[in-house]
Number of protein chains: 2
Amino acid sequence: MEEFSALPLVVLAEKFAALPGIGMKTAQRLAYAVMEMPEDQVLEFSDAIRNAKHQIHDCPVCQNLTEQEVCSICSNAKRDRGLVCVVEGPKDVSAIERTHEYHGVYHVLHGLISPLDGVTADHLRVAQLLQRIQEGGIRELIMATNPSVEGEATAMYLSRLCKPLGVKVTRLAFGLPVGGVIEYTDEVTLYRALSNRSEM
Amino acid sequence: MEEFSALPLVVLAEKFAALPGIGMKTAQRLAYAVMEMPEDQVLEFSDAIRNAKHQIHDCPVCQNLTEQEVCSICSNAKRDRGLVCVVEGPKDVSAIERTHEYHGVYHVLHGLISPLDGVTADHLRVAQLLQRIQEGGIRELIMATNPSVEGEATAMYLSRLCKPLGVKVTRLAFGLPVGGVIEYTDEVTLYRALSNRSEM
């Protein structure tokens with residue numbers, strides 16, 4: 001946005017443009033939209049951003065985002081705690097929950113092993129996963145990482161690490177289109193991938 | 001976003017989804033992106049939204065958005081105050097400024113006359129425009145509203161209202177593609193439309 005626009009509007013547009021998938025043109029439209037919103041809605045929007053960051057932390061059990069002490073999935077007595085689905089991020093938990101067919105719990109790694117980007121197992125929540133296994137009660141880990149180079153490498157790494165601890169390690173079936181992204185996969189395909197999981 | 005997600009994240013996603021052109025899927029991605037931003041960036045984003053709304057008001061002369069007492073265009077001594085470009089909204093000022101060929105000033109209507117939507121001249125900044133003309137010094141008004149039904153009707157209405165006050169009233173040339181939107185028109189086309197403006 002150019003220097004003849006009001007500065008706070010330029011600043012706001014730049015904040016929007018810093019979000020993923022938002023270009024400068026869209027960012028300007030959004031900034032103007034905020035200007036046209038009633039005062040109370042603007043404050044609610046501003047507060048929602050602060051609150052999301054301040055009130056949400058990682059669940060001490062599964063590492064997923066939650067505003068409760070322990071997340072609603074880990075604290076749900078109906079979920080099977082012996083079955084743990086290992087995912088890259090919170091978005092993948094949402095995607096798998098949308099199948100309404102998975103009744104186990106999760107472990108969120110918060111990333112994938114990627115030597116080229118300098119991300120090793122130490123940067124992920126691997127130690128927490130090993131601790132959960134050592135505490136006992138887990139009979140199966142489902143590796144639900146994306147079918148990408150990093151996703152496969154991470155699944156392979158964790159499989160080798162966890163199998164000696166006496167848990168069964170399975171992988172999502174390749175019902176997923178190779179090169180695809182879990183987050184955008186439709187519920188039926190994702191459910192098939194869950195049902196047809198194979199031991200690794 | 002489903003009930004198993006953290007509530008503040010759901011609230012934030014709903015705020016994003018309330019913005020124009022942002023669907024629920026994109027809103028969720030943006031909410032997660034905010035979660036992954038460092039604390040200081042989150043606060044800056046939140047503040048930018050409040051500041052845009054609180055620090056910006058309408059310029060008392062041209063009615064454009066500004067954080068200064070009088071906007072930078074109206075207070076620029078190099079601009080020709082005898083030439084006033086009448087536009088629907090602040091976005092159109094930005095679009096015309098990008099041609100770098102217009103050296104007059106503006107008048108922002110903040111809407112177009114649209115009887116079907118219940119918007120009459122009383123809802124727009126028409127009285128302020130008439131006052132500027134009566135204060136003297138304006139020799140030409142360029143009607144730079146969109147080539148839509150409402151845009152044409154508003155230009156026609158203002159033309160009939162202002163001509164008797166002794167100002168020349170011109171209309172942007174139809175270099176603009178009919179049915180198009182000023183905001184998205186490229187600089188060259190917009191400059192042609194400015195240069196070839198015709199008296200109405």
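The values are calculated or read from the model by the stated rules, or taken from the named source; none is laboratory data. Fair warning: this is a prediction, and the values are worked out from it, not measured in the lab. Cβ coordinates were reconstructed from backbone atoms using ideal geometry, including for glycine residues, and neighbour counts include every protein chain displayed. Note: accessible area is taken over every heavy atom of the protein model, side chains too, but ligands, DNA and RNA are not part of it. Shrake-Rupley method; radii C 1.70, N 1.55, O 1.52, S 1.80 Å.
May I ask you to list the residues in region B:19-49 that are hydrophobic (A, V, I, L, M, F, W, C), in contact with a Phe, Trp or Tyr (Cβ under 8 Å, 6 or more places away or on another chain) and in a helix (DSSP H, G or I)?
Across region B:19-49, the qualifying residues are B:ALA27, B:LEU30, B:ALA31, B:VAL34, B:ILE49.
The conditions are (1) modelled with pLDDT of 95 or more; (2) under 17 Å from A:GLN28 (Cβ atoms), and B:VAL105 fails exactly one of them. Which is it?
So B:VAL105 meets the others, but not (2).
Just to verify a result, which residue in region A:91-131, among those that are open to solvent by 30 Å² or more (accessible area, probe 1.4 Å) and among the charged types (D, E, K, R), is farthest from B:VAL34 (Cα to Cα)?
A:GLU101
Of the residues B:LYS168, B:LYS163, only one is open to solvent by 10 Å² or more (accessible area, probe 1.4 Å), in contact with an Asp or Glu (Cβ under 7 Å, 6 or more places away or on another chain) and at pLDDT 90 or above; which?
Testing whether each residue is open to solvent by 10 Å² or more (accessible area, probe 1.4 Å), in contact with an Asp or Glu (Cβ under 7 Å, 6 or more places away or on another chain) and at pLDDT 90 or above leaves just B:LYS168.
Run A:ALA155 past the list (1) assigned to a loop (DSSP other than H, G, I, E, B); (2) of a type in the set (A, V, I, L, M); (3) open to solvent by less than 10 Å² (accessible area, probe 1.4 Å) and report the number of the one that doesn't hold.
In the conditions (1) assigned to a loop (DSSP other than H, G, I, E, B); (2) of a type in the set (A, V, I, L, M); (3) open to solvent by less than 10 Å² (accessible area, probe 1.4 Å), A:ALA155 misses (1) alone.
I'd like to check something: does region A:102-120 contain any residue that is in contact (Cβ under 8 Å) with a residue 60 or more places away in the chain and within 14 Å of chain B (Cβ to nearest Cβ)?
Narrowing region A:102-120 to residues in contact (Cβ under 8 Å) with a residue 60 or more places away in the chain: A:102.
If we keep only those that are within 14 Å of chain B (Cβ to nearest Cβ) too, we end up with A:102.
The answer is yes, given that some residue of region A:102-120 is in contact (Cβ under 8 Å) with a residue 60 or more places away in the chain and within 14 Å of chain B (Cβ to nearest Cβ).
Restricting attention to region A:16-30, which residues are in contact with a Leu (Cβ under 6 Å, 6 or more places away or on another chain) and more than 8 Å from chain B (Cβ to nearest Cβ)?
Scanning region A:16-30 gives a single hit, A:PHE16.
When you look at A:VAL70, is it more than 10 Å from chain B (Cβ to nearest Cβ), among the hydrophobic types (A, V, I, L, M, F, W, C) and more than 22 Å from A:ALA155 (Cα to Cα), yes or no?
Details: more than 10 Å from chain B (Cβ to nearest Cβ): yes; among the hydrophobic types (A, V, I, L, M, F, W, C): yes; more than 22 Å from A:ALA155 (Cα to Cα): yes.
Spelling it out, A:VAL70 is indeed more than 10 Å from chain B (Cβ to nearest Cβ), among the hydrophobic types (A, V, I, L, M, F, W, C) and more than 22 Å from A:ALA155 (Cα to Cα).
Going by what's in this entry, would A:ALA6 be described as farther than 25 Å from B:VAL11 by Cβ and at the interface with chain B (Cβ under 10 Å from one of its Cβ atoms)?
yes
In region B:74-88, what residues are buried (at least 21 other Cβ atoms within 10 Å of the Cβ) and either within 11 Å of another protein chain (Cβ to nearest Cβ) or not in a loop (DSSP other than H, G, I, E, B) (or both)?
Result: B:VAL84, B:CYS85, B:VAL86, B:VAL87.
Every residue in region A:36-62 that is open to solvent by 60 Å² or more (accessible area, probe 1.4 Å), more than 30 Å from A:SER75 (Cβ to Cβ) and more than 7 Å from chain B (Cβ to nearest Cβ), please.
Passing the criteria: A:GLU36, A:PRO38, A:ASP40, A:GLN41.
Within the bounds of region A:61-84, is there any residue that is in contact (Cβ under 8 Å) with a residue 60 or more places away in the chain and under 20 Å from the mean Cα position of the chain (by Cα)?
Scanning region A:61-84, I find at least one residue that is in contact (Cβ under 8 Å) with a residue 60 or more places away in the chain and under 20 Å from the mean Cα position of the chain (by Cα), so the answer is yes.
Please identify the pairs in which a residue from region A:139-168 that is free of Cβ contacts under 8 Å to residues at least 12 places away in the same chain has its Cβ atom under 7 Å from the Cβ atom of a residue that is aromatic (Phe, Trp, Tyr) and crowded, with 18+ Cβ neighbours inside 10 Å, counting only partners at least 6 apart or on another chain.
Filtered contacts from region A:139-168: no entries.
Read through the list (1) polar (S, T, N, Q); (2) over 22 Å from B:LYS25 (Cα atoms); (3) in a loop (DSSP other than H, G, I, E, B), then give the number of the only condition that A:THR99 fails.
(2)
Among (1) at the interface with chain B (Cβ under 7 Å from one of its Cβ atoms); (2) open to solvent by 30 Å² or more (accessible area, probe 1.4 Å), which single condition is A:ALA33 missing?
(2)
Go through the residues of region B:23-30 one by one and say whether even a single one is polar (S, T, N, Q), farther than 23 Å from A:ALA6 by Cα and in contact (Cβ under 8 Å) with a residue 12 or more places away in the chain.
The answer is yes, given that some residue of region B:23-30 is polar (S, T, N, Q), farther than 23 Å from A:ALA6 by Cα and in contact (Cβ under 8 Å) with a residue 12 or more places away in the chain.
What do you reckon, is A:ALA13 of a type in the set (Gly, Ala, Ser) and at the interface with another protein chain (Cβ under 8 Å from one of its Cβ atoms)?
no
Using the structure shown, decide if A:GLU135 is at pLDDT below 95, under 22 Å from A:VAL61 (Cα atoms) and open to solvent by less than 30 Å² (accessible area, probe 1.4 Å).
Taking the combined requirement at face value, the residue does not satisfy it.
Suppose we filter A:LEU112, A:LEU129 for residues that are part of a loop (DSSP other than H, G, I, E, B), aliphatic (A, V, I, L, M) and either out of contact with any Phe, Trp or Tyr (no Cβ under 8 Å at 6 or more places or on another chain) or closer than 21 Å to A:LYS168 by Cβ (or both); which single one remains?
A:LEU112
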